[in-house]
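Chemist: Take this structure first; my questions come after.
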């Protein structure tokens, strides 16, 4: 395989017709040009020039290389420009797999930030629940995965690198008129006699274990992964449910009341990538931007609590006007 630098020197020798002129134009000595041409001839396995008196003449192989040299150098230059653009974040592509509530909150805010600061970066969103999303990352189907887990959730694959983002508290959803809607918070054991609407597979596992820990087995009346369906079922009196607070930041049924849960249950939200992907500029940028978005969200919630403003979990959603839109996300 020949060196592209040798091809550049070769093209200049062909253009000028001599080693001496090529050396002068390229800033080399004449012996250095001669050595590079000998190295190129060794690489291709045949002479590229013959001498006729003081003049250089291309051999058949030299004619072939001369016909391709401009294309080779042009392709190398284009590749260098594209790689420089990627390295300097003028361009790039990152695939992000996220679960639905992250796709509606963390991802839009982060995408807006990245697009504003680096408009050449293209972000592709794929929606998937863990652990499927983690498997996608291992298989190379995405570059970054947003996933959640609980204390009892199996550890992710060892080959993944984790970037912790935030803890998302769980909220108990009650139908309008339920006696416990008057409480500031609700103990899980107080709900032992209720019918339940259970969510996604990973959430159901945590929910069942939390109930057993306080002494009861939940009576699950309905199971669905659809957060809107969960809230509608609660509003219709089918049962009560647990839901992450993050969901309530963008989806609220007007006839459902959310209350903080005691003891507090939380899901941990993290971003994951492969260690080798961390060095890819667009992937690293996305991870840093996700961390910034999560930190801002956590600070905003802490500030609201310190100032005594009601957090989304404390809002009596039964008092909301039908059709009321959720607050705009702070981008």
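Chemist: How many residues does segment 134-162 hold that are touching a helix residue (DSSP H, G or I) at 6+ places or on another chain (Cβ under 6 Å) and over 25 Å from residue 227 (Cβ atoms)?
Modeler: 3
Chemist: So which residues in segment 190-221 are modelled with pLDDT of 95 or more and assigned to a helix (DSSP H, G or I), if there are any at all?
Modeler: Those that are modelled with pLDDT of 95 or more and assigned to a helix (DSSP H, G or I): 190, 191.
Chemist: Output the residues belonging to segment 222-253 that are assigned to a loop (DSSP other than H, G, I, E, B) and closer than 27 Å to residue 127 by Cα.
Modeler: Hits for segment 222-253 are 224, 225, 226, 249, 250, 251, 252, 253.
Chemist: If you go through segment 144-165 one residue at a time, do you hit one that is more than 29 Å from the chain's Cα centre (by Cα), buried (at least 16 other Cβ atoms within 10 Å of the Cβ), at pLDDT 95 or above and closer than 25 Å to residue 105 by Cα?
Modeler: Scanning segment 144-165 turns up no residue that is more than 29 Å from the chain's Cα centre (by Cα), buried (at least 16 other Cβ atoms within 10 Å of the Cβ), at pLDDT 95 or above and closer than 25 Å to residue 105 by Cα.
Chemist: Still on this structure: When you go through 69, 78 one by one, which is the residue that is surrounded by 12 or more Cβ atoms within 10 Å (Cβ to Cβ) and either without any contact (Cβ under 8 Å) to a residue 12 or more places away in the chain or more than 22 Å from the chain's Cα centre (by Cα) (or both)?
Modeler: 69
Chemist: Would a scan of segment 84-107 turn up a residue that is surrounded by 21 or more Cβ atoms within 10 Å (Cβ to Cβ) and under 30 Å from residue 8 (Cβ atoms)?
Modeler: Within segment 84-107, one or more residues are surrounded by 21 or more Cβ atoms within 10 Å (Cβ to Cβ) and under 30 Å from residue 8 (Cβ atoms).
Chemist: Please go through (1) closer than 30 Å to residue 12 by Cβ; (2) under 14 Å from the mean Cα position of the chain (by Cα) for residue 43 and return the number of the only condition it doesn't satisfy.
Modeler: It fails just one condition, (2).
Chemist: I'd like to verify a number: residues in segment 246-258 that are within 17 Å of residue 167 (Cα to Cα) and buried (at least 22 other Cβ atoms within 10 Å of the Cβ), how many?
Modeler: Qualifying residue count, segment 246-258: 3.
The values are calculated or read from the model by the stated rules, or taken from the named source; none is laboratory data. Remember, it's a predicted structure, so these values are computed and weren't measured experimentally. For neighbour counting, all protein chains shown are included, and Cβ atoms are generated from backbone atoms with ideal geometry for every residue, glycine included.
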